Amino acid sequence: MAELKVNIGGLWLKNPVMTASGTFGYGLEFADFVNLNNLGGIIVKGTTLDPREGNNYPRMVETAQGMLNCVGLQNKGVDYFCTQIYPKIKDLDTRVIVNVAGNSPENYAECAARIDELEKIPAIELNISCPNVREGGMAFGVTCSGAASVVKAVRKVYRKTLIVKLSPNVTDITEIARCVEAEGADSVSLINTLMGMAIDVERRRPVLSIATGGLSGPAVKPVALRMVWQVAKAVHIPVIGLGGIMNAKDAIEFLMAGASAVEIGTANFINPKVSEEVVDGIKAWLDDHGCDSVNDIVGVLDN
C-alpha cells in the first residue's frame, strides 16, 4: 500500500486531496455523501471580517465544460464562524482550513488573527483575488505589490501554516508566487477562477448580475496545469493544484506537474462523492504502478 501522507508548509495531510473553498460549504453539508474523515483536508467557504451579502442574482451560469459564478463571498463573517461553525467542525479527523478574504491588508490581518486563536484550525488559505478598494477595484493578487502587502500584514499576526491562493488573471503568475513566498507564505494554491462572461442574446444583456464572473470546471484545467507546472519550478514552497479536477487521473496530472496536494472544486456540484473517489483512485493508481509513496510522482515531469 502506497503512503499517501504529504506535507504542506509544515502541515501534514493524511492524503493529498482537499476540497476547494466555496464548493463544499463548511463540510457538514456533504457529510451524507462523503466520509469527511477520509479526506486530506476541507477548505471552508470564504470568510471575511464582516458579514457580506454577496452579489445580486443571477450569480451562477453553466457554460461549456464549466460554470461561471459571481457569488461575491457571501458569508456571515468571522465571528459567526468562530462561535457557530467552528464548534461543529473542530473535531473532524481531517485538516480544516479557512479561506480568508478581505478588502485591505489590515482587514485580512484582523480576520486571520481571530482564526489564529482557534486551536483546531491549523492553516488558512488567503484569497488575494478580492477587489482592492484602495486601488480602484483591482484585485490584490494581480500585482506583486498588492499580493505582498496582504501576505506581509497577515504573516505578522498569523503563526500557523499560511497558504496563498493565486489569481490566474495575471501576465506572469510565477512573479506573484515568488513575491508571496518572499513575504512568508508557507505554500501557494492555484488557480483561482479565470475571468469570464456569458451573454443572453435574446435580452441582449450579460447573464450574470455584475456582467463578469469566475470560470471554473474542466475548461480551465489545461491552463491550471500549465500554471502549476510553472510555479512549482519557480518557488521553493509546496504548491497546491486546482482547476477542473474531475477524477483521480486529473489529480495525478497535477501531482506530476509539481503539486504536492490538490483541491477539488466544481466537481463537487456534479458528484458530491468525488473527493473520496479521488483519494481511492490515487491510491489504486500508485499501487498498480508500484509506487511506495504519492511523493514519488510529485513533479516527475522535471526529474
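So residue 268 passes all but one of these: (1) part of a helix (DSSP H, G or I); (2) in contact with a strand residue (DSSP E or B) (Cβ under 7 Å, 6 or more places away or on another chain); (3) closer than 15 Å to residue 221 by Cα. Which condition number does it fail?
Of (1) part of a helix (DSSP H, G or I); (2) in contact with a strand residue (DSSP E or B) (Cβ under 7 Å, 6 or more places away or on another chain); (3) closer than 15 Å to residue 221 by Cα, only one is false for residue 268: (3).
Please specify each residue of segment 169-188 satisfying the condition of being assigned to a loop (DSSP other than H, G, I, E, B) and over 16 Å from the mean Cα position of the chain (by Cα).
Just the residues of segment 169-188 that are assigned to a loop (DSSP other than H, G, I, E, B), to begin with: 169-172, 183-186.
Of everything in segment 169-188, those that are assigned to a loop (DSSP other than H, G, I, E, B) and over 16 Å from the mean Cα position of the chain (by Cα) turn out to be 170, 171, 172, 183, 184.
Looking at 272, 218, which one is over 18 Å from residue 41 (Cα atoms), surrounded by fewer than 22 Cβ atoms within 10 Å (Cβ to Cβ) and modelled with pLDDT of 95 or more?
On the way: 272 fails: over 18 Å from residue 41 (Cα atoms).
Only one candidate qualifies: 218.
Each row is one residue, and each column tells you yes or no for (1) in contact with a Leu (Cβ under 8 Å, 6 or more places away or on another chain); (2) among the polar types (S, T, N, Q); (3) modelled with pLDDT under 95.
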| position | (1), (2), (3) |
| --- | --- |
| 51 | no, no, no |
| 68 | yes, no, no |
| 87 | no, no, no |
| 132 | no, yes, yes |
| 150 | yes, no, no |
| 153 | no, no, no |
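Quick test of your reading of the structure: residue 42 fulfils all but one of (1) out of contact with any Gly (no Cβ under 6 Å at 6 or more places or on another chain); (2) in a strand (DSSP E or B); (3) surrounded by 15 or more Cβ atoms within 10 Å (Cβ to Cβ). Name the failing condition by number.
So residue 42 meets the others, but not (1).
Listed residues 15, 56; which is assigned to a loop (DSSP other than H, G, I, E, B) and either free of Cβ contacts under 8 Å to residues at least 40 places away in the same chain or touching a Ser or Thr at 6+ places or on another chain (Cβ under 8 Å) (or both)?
On the way: 15 fails: either free of Cβ contacts under 8 Å to residues at least 40 places away in the same chain or touching a Ser or Thr at 6+ places or on another chain (Cβ under 8 Å) (or both).
It is 56.
Determine which member of the set 137, 146 is touching a strand residue (DSSP E or B) at 6+ places or on another chain (Cβ under 8 Å), buried (at least 19 other Cβ atoms within 10 Å of the Cβ), free of Cβ contacts under 8 Å to residues at least 24 places away in the same chain and of a type outside the set (Asp, Glu). So that I can check it myself, show each step before the final result.
Details: 137 fails: buried (at least 19 other Cβ atoms within 10 Å of the Cβ).
Result: 146 is the single residue among 137, 146 that is touching a strand residue (DSSP E or B) at 6+ places or on another chain (Cβ under 8 Å), buried (at least 19 other Cβ atoms within 10 Å of the Cβ), free of Cβ contacts under 8 Å to residues at least 24 places away in the same chain and of a type outside the set (Asp, Glu).
Looking at segment 152-179 only, could you name the residues that are without any contact (Cβ under 8 Å) to a residue 40 or more places away in the chain, crowded, with 17+ Cβ neighbours inside 10 Å and closer than 19 Å to residue 228 by Cβ? I'd like the intermediate steps shown before the answer.
So the first thing to find is which residues in segment 152-179 are without any contact (Cβ under 8 Å) to a residue 40 or more places away in the chain, and the list is 155, 164, 167, 170-172, 175-176, 179.
Subsequent filtering for residues that are crowded, with 17+ Cβ neighbours inside 10 Å retains 155, 164, 167, 170, 176, 179.
Selection gives 164, 167, 170, 176, 179.
Would you mind finding the one in 232, 259 that is within 19 Å of the chain's Cα centre (by Cα), assigned to a loop (DSSP other than H, G, I, E, B) and surrounded by 18 or more Cβ atoms within 10 Å (Cβ to Cβ)? Walk me through it before giving the result.
Values: 232 fails: assigned to a loop (DSSP other than H, G, I, E, B).
Exactly one residue qualifies, and that residue is 259.
Just to check your reading of the model, which residue among 302, 287 is at pLDDT below 95 and either within 23 Å of residue 163 (Cα to Cα) or over 15 Å from the mean Cα position of the chain (by Cα) (or both)? Talk me through it step by step, then tell me what you get.
Details: 287 fails: at pLDDT below 95.
Just a single option satisfies the conditions, and that option is 302.
Select, from 265, 281, 258, 241, the only residue that is more than 20 Å from residue 125 (Cα to Cα) and at pLDDT 95 or above.
Numbers: 265 fails: more than 20 Å from residue 125 (Cα to Cα); 258 fails: more than 20 Å from residue 125 (Cα to Cα); 241 fails: more than 20 Å from residue 125 (Cα to Cα).
Exactly one of 265, 281, 258, 241 is more than 20 Å from residue 125 (Cα to Cα) and at pLDDT 95 or above, namely 281.
The values are calculated or read from the model by the stated rules, or taken from the named source; none is laboratory data. Since we're looking at a predicted model, the values are computed, not measured. Neighbour counts are summed over all protein chains in view; Cβ atoms, including those assigned to glycine, are modelled from backbone coordinates with ideal geometry.
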